[in-house]
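Novice: The structure follows.
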Amino acid sequence: MLKNILVAYNGLPGSDAALKGAVQVQQRFDTDLTGLFAHGNPFLSRQLHKAWMPQKMQDAIVEAADSPSDDIREKFDEICQVVPAEKKTWINSGGSVQTTVTRYSRLFDLTILGMHEKSFAHNLSHLELFPDRIALESGRPVLVFPSNPPVDCFDKTIVIAWDGKRAAARALADAKLFLKAGHNVDLVSIGRMPLAEATPGVDIGKLFKNHGWNVTISEIPLSKKTISQILVEHCRNVDAGLLVMGAYEHSPLREGLFGGVTQDISLGAEIPVLMSH
């Protein structure tokens, strides 16, 4: 059951989408919502407390680094107007952005982020967040919102990408946060052994129906398209509102070098994606 959700918010367009999505989740499940502005600038941090640097200069650097904080807090409050004050918290934190968000994520039921966006502004590059890495490093589920998600995304079909591995099993368990009786669930397996052969003697459809879900099993052959392209296309074809998937069954280094499903989906999905590792 969802009680506490965290949203990483930095005022950039991707985090605006994440915050709007977080408000949807808060309103649907009546959770507490915590906004986290993590903005530690590694370059500035390295310059502070140097023996040669006068205190006034250090103070000026800190003031420059913190100057956007008030504006970002105002944007947060504006987007969260419908959230009751007693259910809304704001945290302004320095330190490495990726590390800070990961550390806080471990305490929450769900962390909500925007799609990865690269800031080309020199003074904002340190605000970059990689949602797939947060899922990997935090050990908690991460919900990633694209820029224009469907308004009724949680009422639509939920697609679960299934490869039979540990991360997919974890993602399936975390998906139960959003599933209710009568929900349409599409279990998708791409280019793998038929599910009936992989787990003989198990009626997968019955397992899902025991939860009250309406299940469809889609077994899709491999093609010239990438697995991420097949997944995105399938979600579009079934008018899905949420994609659920395990994150990083291959190593992050391998995916970073050669590309992979987790990385591609975190950059290009058209609907919210629930990632777990």
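Novice: For the cross-link pairs K20/K87; K87/K156; K75/K180; K3/K165; K75/K156; K176/K206, which exceed 23 Å when the distance is taken from alpha carbon to alpha carbon? Provide the component values of the computation, followed by the final result.
Specialist: Numbers: K20/K87 15 Å; K87/K156 27 Å; K75/K180 33 Å; K3/K165 28 Å; K75/K156 29 Å; K176/K206 16 Å.
Checking Cα-Cα distances, K87/K156; K75/K180; K3/K165; K75/K156 exceed 23 Å.
Novice: Could you tell me the calculated FRET efficiency between W90 and N210, based on Cβ-Cβ distance and R0 = 30 angstrom, to the nearest 0.05?
Specialist: So, using R0 = 30 Å, E works out to roughly 0.15.
Novice: On alpha carbon coordinates alone, what is the Rg over Rh value for segment 92-229, Rh being the Kirkwood radius?
Specialist: Using Cα coordinates only, the ratio equals 1.03.
Novice: With the Cα gyration tensor of segment 153-276 giving a ≥ b ≥ c as the square roots of its eigenvalues, does the rule (a/c under 1.5 for rounded; else a/b larger than b/c for prolate; else oblate) give rounded, prolate or oblate? Intermediate values should be presented prior to the final figure.
Specialist: On the way: a/c = 1.62, a/b = 1.32, b/c = 1.23.
Taking the square roots of the gyration eigenvalues as a ≥ b ≥ c, segment 153-276 is prolate.
Novice: Further question: Using Cβ counts within 10 Å as a stand-in for footprinting exposure, how do C80, C235 rank, fewest first?
Specialist: Least to most surrounded, the residues fall as C80, C235.
Novice: Right, here's the next one. If I model a spin label at R28 and Q81 as a point 7 Å from the Cα along the Cα→Cβ vector, what separation in nanometres do I get?
Specialist: 2.3
Novice: While we're here: Within segment 82-117, whose backbone N sits under 19 Å from a point 7 Å along Cα→Cβ of V151?
Specialist: What the label zone holds, given the 19 Å backbone N cut-off, is 82-83.
Novice: Can I ask one more? Could you work out how much longer the chain between Q229 and E74 gets when fully extended? Use 0.36 nm per residue separation minus the Cα distance between them, nm to one decimal.
Specialist: Result: 52.0 nm gained on full extension.
Novice: How far apart, in nm, are the 7 Å Cα→Cβ label points at A198 and R166?
Specialist: 1.7
Novice: Return the long-range amide H neighbours of T157 (sequence gap of 5 or more, or a different chain), with a cut-off of under 5 Å between placed amide H atoms.
Specialist: G241
Novice: OK, next. What list do you get for R140, R106 if you sort them by fewest beta carbons within 10 Å?
Specialist: Going from least to most buried by this count: R106, R140.
Novice: Taking neighbour Cβ counts within 10 Å as the exposure measure, how do H277, H234 sort from fewest upward?
Specialist: H234, H277
Laboratory data are not the source of any read-out in this text; all were calculated from the coordinates shown. Note that the structure is a prediction, hence the values are computed from the model and not measured. For neighbour counting, all protein chains shown are included, and Cβ atoms are generated from backbone atoms with ideal geometry for every residue, glycine included.
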